[in-house]
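The values are calculated or read from the model by the stated rules, or taken from the named source; none is laboratory data. Computed from a prediction, not measured in an experiment: that's the story for all the values here. Note: accessible area is taken over every heavy atom of the protein model, side chains too, but ligands, DNA and RNA are not part of it. Shrake-Rupley method; radii C 1.70, N 1.55, O 1.52, S 1.80 Å.
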Amino acid sequence: MKSKRYQHLAASLKKAMVLLLALSICLSAYVLPEHVYAAEADYEPAGTVAHYPLNGAYQYKNKLNESQVLSGSSPSWKTDYVSLVNPGNANNGHIAGANPSAAVTGARISFSLNIKLNKTQTRSYTPAYNLLAYGAGDANNITLRPYYADGLAAVVLKQGGADAVVASFPAPAADMWHNYTISLDGTAGTGKLIVWVDGIKAAEASSNGIGADQIGTGNSGSTG
């Protein structure tokens, strides 16, 4: 995960997550190349709206504005990350809260996050469980779903409570750290939803005109 730059950054998390290293939200105003790169832990590209290191030093704080604080339950804060794994490998911890006050608006928004999802867990899960959820609420948002289908993960755009756009890809190996970078461009007719895993493009789909304005702002959350 330790390379020199990445180009699209992250927001919030929801169900079935195990370890979370860093979380950021940023607005992108440029076209991405075929490959992107995972960020250094302290790297903050121009346009970054929020950076949650989610480590023992910052805990719930936005590094760019420490008055903006998330909340949660059952986290285990480490030097470089937070663990949401409870005894027995039941991933019941969560991190959630209001989105940063500097909301991302317009057509484009992007996310980057580093996660390790454990293979062995006692908690049951469904295809609807999320590693990442960001938006106005359950009806309009963007989610990263690790168990979307057999052997597949997906990034999903919801509108009006229904899955409107799905970009699915082979589920990354469990018990390993992975960087997920997500770019959303809601430009009508040409916009794309693109997902990179560990710097390699994993999925691409038409955004169908859904961008930052359509997914909205409000709450961010993450549950182990």
* 5 angstrom amide H check on Gly137, placed H, neighbours 5+ away -> Asn219
* Asked: Sequence-distant or interchain residues sharing an amide H contact under 5 Å with Arg108, placed H: which?
  -> Gly186, Ala212
* **the range 87-213 - percent of accessible surface contributed by carbon and sulfur, probe 1.4 Å** => 52 percent
* For the range 157-219, with every protein chain kept in place, what is the accessible area per residue (1.4 Å probe, Å²)? -> 40 Å²
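Once you've got the Cα coordinates, tell me which of Lys61/Lys201; Lys78/Lys201; Lys61/Lys116; Lys63/Lys119; Lys158/Lys192 are over 24 Å apart.
On the way: Lys61/Lys201 30 Å; Lys78/Lys201 30 Å; Lys61/Lys116 21 Å; Lys63/Lys119 31 Å; Lys158/Lys192 15 Å.
As for pairs spanning more than 24 Å Cα to Cα, those are Lys61/Lys201; Lys78/Lys201; Lys63/Lys119.
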* Structure fact -> Order by accessible surface, 1.4 Å probe, largest leading, for residues Lys63, Lys192 comes to Lys192, Lys63
